[in-house]
Amino acid sequence: MRYSPSARRYVAVTVVLSVVTAIAVIASALLIASVLAGVITDPAQREVGIWRTELVALVVAVLVRVAAAWAQARYGDRAAARTIAELRSQVLDAAARRDPREVDAAKGNWATLLTKGLNDLRPYLAGYLPALVLSVIVPPTVLVAVVTQDLVSAAIIAVTLPLIPVFMVLIGLLTKGRASATLASMSVLTAQMLDLLAGLPTLRALGREQGPRERVTELGDSHRRTAMSALRIAFLSSMVLELLATLCVALVAVSIGMRLVFGEMALEAGISALILAPEVYQPLRMVGEKFHAAEDGMAAARAAFEVLDRAYASESAGGVPAAFVGRIELRGVGVRSRDGWAPEALDAVLDPGRVTVLTGPNGAGKSTALLSMLGLVAPDAGRVSIDRVDVSELDSEWWWRQVGWLPARPALLPGTVQENLELFGPPIGDVEAACRATGFDDVLRDLPLGWETRIGAGGVGLSLGQRQRLALTRLLVADRPVLLADEPTAHLDAASAARVLTALEVRARSGATVVVVAHDVRTLAAADAVVTVHGSASAERDTDGW
């Protein structure tokens with residue numbers, strides 16, 4: 001309810017429908033008891049016409065109950081879909097604001113959470129939540145109606161009714177952690193599968209594509225055993241609750257039958273109490289029945305809320321510099337990696353109007369330094385400032401609108417090539433010249449519809465080199481005063497690389513702040529300033545892939 005407006009509306013509608021259901025249940029029970037008692041005890045009242053009013057009211061009460069159940073099911077499915085979509089959107093937004101290294105390290109968990117995990121919320125929202133609301137509203141309301149008909153039956157129900165939630169708690173303690181274990185098992189399997197798919201072309205080229213088969217089979221069997229164990233507990237617990245509720249209703253029925261035999265109560269009151277008794281237990285039985293189906297979704301929801309709570313807790317008010325120039329300063333910047341610091345104690349001043357190249361050994365933290373300039377990675381030591389304002393104190397949305405960003409793996413969205421070109425906004429300058437500089441003009445000639453050619457998620461439909469050229473073209477024509485590029489000449493031949501460097505120099509001369517990560521001699525020769533990035537000796541493995 002905190003994160004989803006659809007969930008708030010859904011809960012309100014569910015409460016209203018539950019009240020309507022309770023009223024319909026009581027009305028139908030009293031009407032049935034009145035008609036049956038009259039027909040059984042008085043032969044003169046066995047004409048249908050005598051009971052026309054009661055029968056019409058009974059039909060209306062039944063139809064109202066059916067309509068409430070239909071509306072609950074129909075609106076529940078829609079509200080569940082909207083709520084899941086809202087949560088997924090917020091979790092994705094939170095992921096975009098997290099440290100990219102952290103997200104990439106746990107990509108299997110993120111993939112599971114955003115797909116199967118949140119989809120498992122549907123049984124909770126469409127089934128368990130309505131049952132929970134019914135269990136709060138219907139039993140007390142119906143019990144009051146039983147009190148007005150038969151105090152003994154009401155006393156039996158009042159004594160036995162708490163047994164069902166007690167057993168539910170005991171079963172819940174027994175199954176505690178099963179859903180989390182299932183989700184963790186699926187996350188491990190997903191992570192392994194994603195890694196396998198990513199490396200499958202390499203494995204196939206080496207003739208070892210059959211190697212991971214046993215590991216995948218082992219992971220699948222592990223997940224199957226965990227899931228079947230949870231299902232066994234769910235089925236057994238449902239049977240226990242069903243048996244308990246049946247015995248409780250039987251106690252009420254036996255009491256009513258004995259007193260009717262000895263003439264100690266009226267037939268109408270006995271029939272009313274007998275019809276209403278199962279309705280008191282039914283909502284609690286539904287809660288127990290749907291609890292396990294909803295548990296997987298709740299485990300995923302708790303993981304989502306943990307992500308969102310961290311994201312909200314880390315938000316700052318944010319501001320903008322009084323006068324934007326584009327001067328970036330790094331003072332003693334250090335970021336902890338798995339094995340040390342990368343970068344370590346980095347000092348640099350990146351001025352507008354110049355091409356600054358960050359260089360250094362692999363794993364020194366050059367790409368991490370770019371992420372710290374973007375505000376995506378918070379330095380563990382030192383500070384990054386934009387025009388003397390700490391990047392952590394800037395309005396993130398405002399700052400990202402000033403930056404044209406080319407990561408090592410460029411982001412391309414499903415849509416046309418033209419739409420991907422305009423991701424940073426309307427292009428400035430000569431687009432054709434930028435295409436010639438990056439070699440994307442040759443790519444356009446090979447595309448069936450040119451700029452209107454549609455590509456898939458991540459640039460599906462383009463080769464790795466074509467994606468790099470499109471992303472480079474987008475960077476060069478972006479109307480952004482700050483350009484950050486991670487290995488912009490990768491996948492380019494010498495002539496194309498030279499043209500790209502020339503285009504970056506032109507952007508710098510026009511007043512843009514251009515920062516490039518590179519190793520090659522050509523890029524270093526074209527730089528106005530070179531900053532060597534160092535990491536601690538134990539961090540020399542690989543953090544530079546970021």
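A few remarks follow.
- Residue count, the stretch 317-358 (criterion: open to solvent by less than 40 Å² (accessible area, probe 1.4 Å) and touching a Leu at 6+ places or on another chain (Cβ under 9 Å)): 19
- Members of the stretch 77-92 that are in contact (Cβ under 8 Å) with a residue 24 or more places away in the chain and among the hydrophobic types (A, V, I, L, M, F, W, C): A79, A80, A81, I84, L87, V91
- Residues of the stretch 320-351 that turn out to be basic (K, R) and in a loop (DSSP other than H, G, I, E, B), as a count: 2
- Being surrounded by fewer than 18 Cβ atoms within 10 Å (Cβ to Cβ) and hydroxyl-bearing (S, T, Y) is true of S89.
- Between L219, L200, L196, the distinction of being touching a Pro at 6+ places or on another chain (Cβ under 8 Å), open to solvent by less than 80 Å² (accessible area, probe 1.4 Å), at pLDDT below 75 and not polar (S, T, N, Q) belongs to L196 only.
- Meets criteria (at positive phi and either of a type outside the set (D, E) or modelled with pLDDT of 90 or more (or both)) for G439: yes
- Only listed residue being open to solvent by 60 Å² or more (accessible area, probe 1.4 Å), at pLDDT below 90 and closer than 30 Å to R388 by Cβ, chosen from W451, W400: W400
- Top-ranked residue in the stretch 258-286 [being without any contact (Cβ under 8 Å) to a residue 12 or more places away in the chain and in a helix (DSSP H, G or I); ranked as nearest to L189 (Cα to Cα)]: M258
- Only one of the numbered conditions (1) of a type in the set (D, E, K, R); (2) at pLDDT 80 or above; (3) in a helix (DSSP H, G or I) is not met by E295, and that is (2).
- Sole residue being open to solvent by 30 Å² or more (accessible area, probe 1.4 Å), within 17 Å of A37 (Cβ to Cβ) and not polar (S, T, N, Q), chosen from L236, L243, L231, L267: L267
- Qualifying residue in the stretch 148-159 (condition: surrounded by fewer than 19 Cβ atoms within 10 Å (Cβ to Cβ), under 20 Å from T21 (Cα atoms) and at pLDDT 80 or above): yes
- V482 within 17 Å of C435 (Cβ to Cβ) and surrounded by 14 or more Cβ atoms within 10 Å (Cβ to Cβ): no
- Selection within the stretch 379-395 - over 17 Å from R101 (Cβ atoms), in a strand (DSSP E or B) and open to solvent by 30 Å² or more (accessible area, probe 1.4 Å): G382, R383, V389
- Meets criteria (within 16 Å of the chain's Cα centre (by Cα), small (G, A, S) and open to solvent by less than 50 Å² (accessible area, probe 1.4 Å)) for A71: no
The values are calculated or read from the model by the stated rules, or taken from the named source; none is laboratory data. Note that this is a predicted model, so its numbers are computed, not measured. Please note: Cβ atoms are built from the backbone with ideal geometry, for glycine as well, and neighbour counts cover all protein chains shown. Each accessible area value is taken on the protein alone, full model and side chains, heavy atoms only, with ligands, DNA and RNA left out. Shrake-Rupley method; radii C 1.70, N 1.55, O 1.52, S 1.80 Å.
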